[in-house]
Each structure stands twice: as structure tokens, then as C-alpha cells.
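Reviewing the structure listed below.
The values are calculated or read from the model by the stated rules, or taken from the named source; none is laboratory data. Bear in mind the structure is a predicted one, so any value in this text is a computation, not a measurement. Glycine also receives a Cβ, built like all others from the backbone with ideal geometry; neighbour counts cover every protein chain displayed. Each accessible area value is taken on the protein alone, full model and side chains, heavy atoms only, with ligands, DNA and RNA left out. Shrake-Rupley method; radii C 1.70, N 1.55, O 1.52, S 1.80 Å.
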Amino acid sequence: MSVSLTLPDGSLRSYPGPVSGTTLAADIGPGLLKAALAMRVDGRLVDLAHEIDRDAKVEIVTRKSDEALDLLRHDCAHVMAEAVQELFPGTQVTIGPSIENGFYYDFARDEPFTPDDLAVIEKRMHEIVDRDEAISREVWDRDEAADFFLSKGEIYKAEIIRDIPAGEQISLYRQGGFIDLCLGPHLPSTAKLGHGFKLMKVAGAYWRGDHRNAMLQRVYGTAWRDEKELKDYLHRLEEAERRDHRKLGREMDLFHIQEEAVGSIFWHAKGWTLYRALENYIRRKIEADGYEEVRTPQLIDSSLFIASGHWEMYGDNMMKVPLEEGKRTLGVKPMNCPGHVQIFKQGLVSYRDLPIRMAEFGCCHRNEPSGALHGIMRVRQFVQDDAHVFCAPEQVVEETRKFCRLLESVYADLGFDDFQVVLATRPEKRIGTDAEWDQNEGDLAAAISAAGMSYTVSEGDGAFYGPKIEFHLRDAIGRTWQCGTLQLDSLLPQRLDASYIAADGSKQRPVMLHRAILGSMERFIGILIEHYAGHLPLWLAPTQVVVATITSDADDYAEEVAGLLKARGLRVETDLRNEKINLKVREHSLAKAPYMIVLGRREAENRQVALRTLLGGKQSVIDLTEALDKLAGEALPPA
RNA sequence: GCCGGCGUAGCUCAGGGGUAGAGCAACUGAUUCGUAAUCAGUAGGUCGUCAGUUCAAUUCUGACCGCCGGCACCA
């Protein structure tokens, strides 16, 4: 029976019988054969050695293909596992997938791997690539495969086999003396991997991601098409390190954290200036959008949190304060919602009052696990740009749409124009009927579309009480951060017995939309610092202008200029030290002052200023009045 | 919380069983200088904390605390 294959360019190749990708690639050309890693048959990615036995569309996947990196990384994980089992006999292999930028493999071994071990493993991996071991796929009988792995002491692999649904093939891949259970596909041989890889770190990881299971040793590596791509990646990592908000926060004198207050931030004057600039900006934005700001207590009796359900759900992560020898326990609020419901409940609310958009920059405490803490990004004391919209069910779509618009505008103002919207739908463990979920998910989806946004769906990631929208923004170096969120909640109004009087005089339950744009202020400031690599936009910069003199002859003029700038609302520092201008420029540049005004005798005589920008280091000599207008104009926060 | 690594001056880091060193920063003095480091001098540390071993511990051992990287968690 003949087989005819359609290639991506539309051309047709016919064979008298089944044919492998290797043969096909070789027939097309030796260059292609050399570059070939795998192939796509009718859209399905398979090994090059796979025999095509019927008519199909075939595409040879080469190093240049988009999917090449995935293949290379997955292969690299196997090569690493082979190296590990050669060097450390008795180590069990478990799973080793490709991930963003690389791969990992989880090993079970009593001895921990040391950083020195990594170097040795990496060296052996290069040797395995040079050995050019052929990689071949074998289909095994399920029981034989399970027995085989058990006989080798590979209990994790046996467990994986046990969990593969009946009817699915059990495929093993063999390269040299190494054989691994794997779905594939793989490269034809280890040499195709090349040498663009590097082992990065060892870390613990729970078997199957469950903290009740044994902890395995995960070795992370990065892998690329060639050594140049690898080098570029390592360079990008260095760039990310330079942007680290913990380092910049210290260098820019923004904040610090110390042992006596783990998980809480000491905001220095400059950092707090940034914080307030951001908070005030949000305050103006939400005020313009119909929000009212409130403030609720820090300490609230446990009874309220018991009623809200938080005590049971998150009690372990709450800060608790026993009072009156244990007769009462107060909880330090971990979020603002129960408090907001209390304000809502004061007096009667009419349907005419809805929606009520209640905002609070309330300080919340959560006893985050020690391992979760990270700079100012993950702390135990934080403030959200939090608000709750109390509305009637039929107002959900409009309120959600309105929020999406607001959020989009805020992100744009802050320099993030790329963000993704994710709709998280009903989880397995949930309350409410399917009809309610259909309605709620539909409402959110409709609202996102009405706001002119597209979204992806994350199945099962919603809260147990309702679906949520997540907003992930992309920073200057391509990382994504989940910041904004909107959660539809009809449970809390019920648990805390909030109601309004409807048009027909009946008592109705409002719906609550929990929503935040920045998320935690602390975390968002960390993101801003890293996004801008410390070069904050003028309106957010703690010091906006440094007035520096060249000689002391200009001191009086410098004081005058600084005074005039301050009068125009700018945040100004003067530098009248008896130091060379080179030093002053260097120091203030390193401190990331967006503008410097350099004054010498000439400027003083002409009532001009030499204005210098940090980025680009451009300078221009302009009249003082012009400079005042220019800077005052540019320093205005976005409207 | 779990696994691994780390903890020496304000910062970056070296050192190592006989109570410590560099560069930068700081301070003092000189220098008045045109856009990313002027020169000279001075001072600065219970070597994370607490135990143990030892004639002697910052160094070795243990526990604890903290930080870093992951995992788990994130209302």
C-alpha cells in the first residue's frame, strides 16, 4: 500500500510502503536530515524514526522550529538523568519535563546533591552528547514495564505506570545504557542536543507537588539551540539580577527589612514618598470612578472572622491577639472585606444606593509561611488597593466592565501596556448551583468582552464561592506578574447577613465584587522598581531634580532655583558640596535622579540652567523660567 | 512549613584553631574644578546568636535565628 505525504510547501511525496521521517528528511535533502529533530504527522509531534503508514501531512521539525526548544529541553532532562544514574547509581528517576527556559528532573536519593555534584553531572552530560547515543522508542507491556522498574528499585516510575490509564501505550526511551519511561517524542540521538545547556541549581520539590509526599531533589537546567543562545539567556539573568528590587531598594535608600520585623517593611523617606505618590494616584483614580474610601479596624474579635468563615479557612495564617487572659481572641485583619460588610450593614440600604463602591488602603497582616517571604514582594504586613463593590446581581456586568476600563487606564499610566486577562472558573470544591455558576461565569466573560479585552480561561481556578478574573501584566524584561483581580462573591453577604431593600420592598442579598488593581502596594512597588530598573517615571521618583553646583560661586543661585522648583511642587535636592561635577553627576546618576540641574558661573549670570536627563545623559542649557515650566509640567501625575 | 546553600566593616568580598584583611562608602584636611570616581590621611568588626569540643573557636560540632534559590502556600 503506497503512502503519499504532503509537505508544508504543498508538494507531494509518494512511497511504496511505510516510511520513516528519517528517510523522508534524507530524501528531501542532506541538510534537512542533519537539522531534523522530530516531525509533525497530521499535527501530532512524533519521533523521526516513526514509520508513517498512511497518507498524511508531514512537517519535519528542525532546530529552527518553534517546538525545537521544547524537544531539546526534554532531551536534556533525559541526558541529565542518564548522567546522574551513571555517576550516582541507585538514584531513582521520577519526572523530568521541559519548562520555560529549560528543564528539570526530580531525583530520589538520600544524599543531597551538592553544587560540586552539578558540575560533575554537567561534565558527564557533555560526554553523553559527544558519545552520540542513538535514542529509540520501545513499546512495553504494562506489567512487564512495572516489574522492570520495580526490579531496578524505581518505585516512582512503577507508580507512574500504575496511574497511566488502561489502553494507553507504555513507551520507553532507550539511549545508551539508560532507559526511561517517557511519552516522547525525542531527538534521534544525543548529539543532536548540542552543548547549549547548563545546570543551574538544586532544590527540593515534593513528589507530585503535594507537601504530604516525600521531598525529592530537583535539578534545574537551562537549554537552548546553541551556546550563543545559552549565553544570551545567562546575560538576561544577569540583567534581572541588576534590577532586583531588594538591591535597588537599598541602593536608592527606599526601604529595608531587618530581623526584628521579618516580613514587614521599614519604609525610608524616599521609599515612602514613592509609596504615597502611588497611593494618592490610585486614590484620585478611584474617586473619579465613583468609589468612596473608608477605614476599618485593625483588630476585630474572632467572632466576626468565625462568621465570615475566614477563621476556619485561614485561621492558621492569621495573627491572633488573646485578651483578658484568653477569654477573648482578636484577629489582626487579614483582609478588609468583613469590615466593609459591617459598614454596609449600618442602617438600611436601598436598591437606589447600589452600587456602593467601598475602597480602603487598609493595613492587613497574614502570617505567611517563612519560605514564602521575598523582599517587599511577599510580606506579612501589606496594604492592598482594595475595594468591594456591593451591587445587585444585574449590575455585575456593568460594574465588572467599568472596573476593567479603570484597570486598563491605571496600567497604561504606570507603564504597562501589555497584560493578559484570565477567567478562572468553577473549582471542584465549590458552593452554589451549576446554574448560578453558569450565570456568574457568563457575566464575567461578557463584561470582559464588553470592556474590549480578550481573555483565556483557567479551568477550575476560581474561588470556592465564585469565579474570578485575574490580570497578569508583563514587565520590561518579559516576566509576568498577577496583580489585578476581580472576584464575584455572593457567599460573604450571605454569611454576614448583608441585604438591601429592592424596588418591590423585599429584602435582597447584594453581590460583592472583591477587586484590586495593583494588588499589594508593597509588591507592586517591587514590580515597578524592577520594571523600570529603578529609573522611575518622573512623577513617581522620590527625588525628581537634583540641583548641583560646579563651584561655590553658584551656591546662592542654586538655592534660589531649588526654592522655585519646590514652589512648583517638585521634589528637589541640592548638592552644594565642594566636589567635582563629575563626581556629583556620577553619584546622582547612580541614585537614579531623573533630572539634574547643573549650575556654574555662566548659568548664574544668565539666569539659565543646564538641564541633564538621567537616561541618555542629554543636556541642554535653557532659561530658568522655561525649565520651571517644563519640569513642573512633566512631573504631574497622570490625570 | 519542607529541601539545599549562605551569614566576616555601611556595601561588595577575601581569609582561616593562636581574638581579622581589601576595594568602595564614612570621617578629617587640601583642592573651586563644566557633565559618570581629585588627592592625602584617619577611623571602623563580640566574624548572625547560643551552646559544645579545645590550653585557645571567628575558624571544628550542634541547635536556633535570618537571608538566598526552589517546593508547598498566597482569602
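Remarks
- Distance from the range A:509-582 to the range A:88-156 (C-alpha centre basis), Å: 53 Å
- Residues whose amide H comes within less than 5 Å of that of A:R63, counting only those at least five positions distant or on another chain, are A:L37 (H built at 1.01 Å from N in the peptide plane).
- Shape of the range A:145-242, Cα gyration tensor, a/c cut at 1.5: oblate
- For the range A:300-352, the Cα gyration tensor yields ellipsoid semi-axes of 25, 13, 8 Å (square root of five times each eigenvalue, largest first, whole Å).
- Members of A:K270/A:K402; A:K402/A:K507; A:K270/A:K566; A:K270/A:K584; A:K201/A:K228 lying beyond 23 Å, as alpha-carbon distances in this model show: A:K270/A:K402; A:K402/A:K507
- Positive contributions from Lys and Arg (+1) and negative ones from Asp and Glu (-1), summed over other residues with Cβ under 13 Å from the Cβ of A:D497, come out at +4.
- Placing unit charges on the Cβ atoms of the charged side chains and taking the dipole of the range A:68-233 about its Cα centre, the candidate lying farthest along the positive direction among A:V84, A:W224, A:M125 is A:W224.
- Debye log10 I(q)/I(0) for the range A:545-634, one point scatterer per Cα, at q = 0.13 Å⁻¹: -0.34
- Out-of-range pairs (alpha-carbon distance over 28 Å; input A:K34/A:K231; A:K123/A:K152; A:K285/A:K320; A:K34/A:K152; A:K152/A:K429): A:K285/A:K320; A:K34/A:K152; A:K152/A:K429
- The range A:3-61: relative contact order in percent, alpha carbon pairs under 8 Å with at least 6 residues between: 42 percent
- About its Cα centre, the range A:167-290 has a charge dipole of approximately 120 debye under the convention of +1 per Lys or Arg Cβ and -1 per Asp or Glu Cβ, with nothing else charged.
- Neighbour net charge for A:V457 - beta-carbon separation under 13 angstrom, K R +1, D E -1: -2
- Restriction of the trypsin sites (Lys or Arg not before Pro) in the range A:342-447 to DSSP coil positions whose beta-carbon has at most 15 other beta-carbons within 10 angstrom yields A:K429.
- The range A:15-85 and the range A:426-453: distance between their alpha carbon centers, rounded to Å: 42 Å
- Reach of A:K327 by Cα under 13 Å, taken over aspartates and glutamates that are not fewer than 8 positions away in the same chain: A:D301
- In the full protein context, chain A carries 48 Å² of accessible surface per residue, based on a 1.4 Å probe and ignoring ligands, DNA and RNA.
- A:G290 long-range amide H proximity, modeled H, under 5 Å: none
- Where chymotrypsin sites (Phe, Trp or Tyr not before Pro) fall in DSSP loop in the range A:456-496, at most 16 other Cβ within 10 Å: A:F464
- The three principal axes of the Cα atoms in the range A:222-372 give end-to-end lengths of 68, 45, 38 Å, sorted in falling order.
- Based on C-alpha pairs under 8 angstrom that are at least 6 apart in sequence, the range A:545-634 has a relative contact order of 31 percent.
- Only one residue of A:P185, A:N101, A:H74 has its Cα farthest out toward the positive end of the dipole of the range A:68-233, where Lys and Arg carry +1 and Asp and Glu -1 on Cβ, and that residue is A:N101.
- Computed magnitude of the charge dipole of chain A (debye, nearest 20; Cβ of K, R +1, Cβ of D, E -1): 1280 debye
- Calculated from backbone phi, Karplus (6.51, -1.76, 1.60) coupling profile of the range A:113-123 in Hz, x at Gly/Pro: 6, 9, x, 5, 4, 4, 4, 5, 4, 4, 4
- On the range A:68-233, 50 percent of the accessible area sits on carbon and sulfur atoms, based on a 1.4 Å probe.
- Both the radius of gyration and Dmax for the range A:68-233 are 15.2, 46 Å, in that order, over alpha-carbon atoms.
- Range in chain A, longest, excluding exposed GluC sites (Glu not before Pro) [loop by DSSP; at most 11 other beta-carbon atoms within 10 Å]: A:460-639
- Column: log10 I(q)/I(0), Debye, Cα scatterers of chain A, q = 0.11 Å⁻¹: -1.21
- Between the range A:327-398 and the range A:170-192, the alpha-carbon center distance in angstrom: 52 Å
- Short-range pairs are left out: with C-alpha atoms under 8 Å and at least six residues apart, the relative contact order of chain A is 9 percent.
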